[in-house]
1. I'd like the distance between the alpha-carbon centres of region 124-147 and region 186-257, rounded to an integer number of Å.
2. Which of rounded, prolate or oblate describes region 214-264 when judged by the alpha-carbon gyration tensor and an a/c cut-off of 1.5?
3. Taking the beta-carbon count within 10 Å as an exposure proxy, list 61, 250, 135 from fewest neighbours to most.
4. Between rounded, prolate and oblate, where does region 45-148 land on the alpha carbon gyration tensor, with a ≥ b ≥ c its root eigenvalues, rounded for a/c under 1.5, else prolate if a/b exceeds b/c?
5. For region 173-228, what class follows from the C-alpha gyration tensor (a ≥ b ≥ c being the square roots of its eigenvalues): rounded when a/c is under 1.5, otherwise prolate if a/b is larger than b/c, else oblate?
6. Give me 100, 279, 235 ranked fewest to most by other Cβ atoms within 10 Å of their Cβ, as a rough exposure proxy.
7. If we restrict to alpha carbons, what Rg and Dmax does region 87-235 come to, in Å?
8. Which of 157, 246 has the fewest other C-beta atoms within 10 Å, and how do the rest follow up to the most?
């Protein structure tokens, strides 16, 4: 493939990605009734208050993805050394890819194309380790929150509830043990003949020590605290009568349910709204405010970063290394 031909194909691919992303975003925003409800709610609140609250939530969005960039740099350090800024570029580029691909799978491609070609597949494996860490926290906190929810709002025989507690404890233990022994997965793959020939790609799993995995998990925890705070701020602001602990429990359940369902980022708002509406109905009757809060977080955390990331898409080079700053 000639150099000029590669450039043409590369430009076409980058333009297609951005067009797809903006097309999906525009279509979803133009028809989103939840965001219109949120706008109606804001019309009744002083402008200065709106600016402070939404400004804080948007700032936390940048903190959230900034932490993710630092986590990505840490994950990939054993594969390739990249700067913090390059890590930020790859994270936002990945978010642009993620909005129109099922289960955010495009996020992997958006990130690893910022690595050298021979290290991209290994980069996918490294990114998966970080995502597993995030999943561990989502499942552990979600299981605990679900037990609290059932104890408070669902009448169960005490024997059945205790069985549920034991099941939840086993569930949490499994994820924690599996994460801190991620090298077991390397051993399992090596034991299978048809995957053994690809060991150079997944052998990175054996390189992560428990200390490194703990550091990665702390980054995941920091992200969990940040995006939980975003939800907490908006719900506490618009529905102040809901108890703080109830907000945290419902938000943890929302993350948990959302992580278990296959979805597309742009249509994920439907899953979030229905889930939030159901669980928050146990603690408040302000369903419009609940759905509006959920929709606004979706806009701030998913759509705005995806739009920002479109700039970095044009810095990709699909057939070689990415352009250097």
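A short reminder: the numbers here are calculations on the coordinates, not readings from a lab. This structure is a prediction, so every number in the text was calculated from the model and none was measured. Ideal geometry is used to build each Cβ from the backbone, glycine not excepted, and the neighbour counts take in all protein chains shown.
1. 3
2. Taking the square roots of the gyration eigenvalues as a ≥ b ≥ c, region 214-264 is oblate.
3. 135, 61, 250
4. Since a/c reaches 1.5 but b/c is at least a/b, the shape of region 45-148 is classed as oblate.
5. Prolate is the answer for region 173-228, as a/c is 1.5 or above and a/b outweighs b/c.
6. Details: 100 18, 279 22, 235 27.
By the 10 Å Cβ count, ascending, the order reads 100, 279, 235.
7. 18.6, 57
8. On the way: 157 8, 246 19.
Final ranking by Cβ density, sparse to dense: 157, 246.
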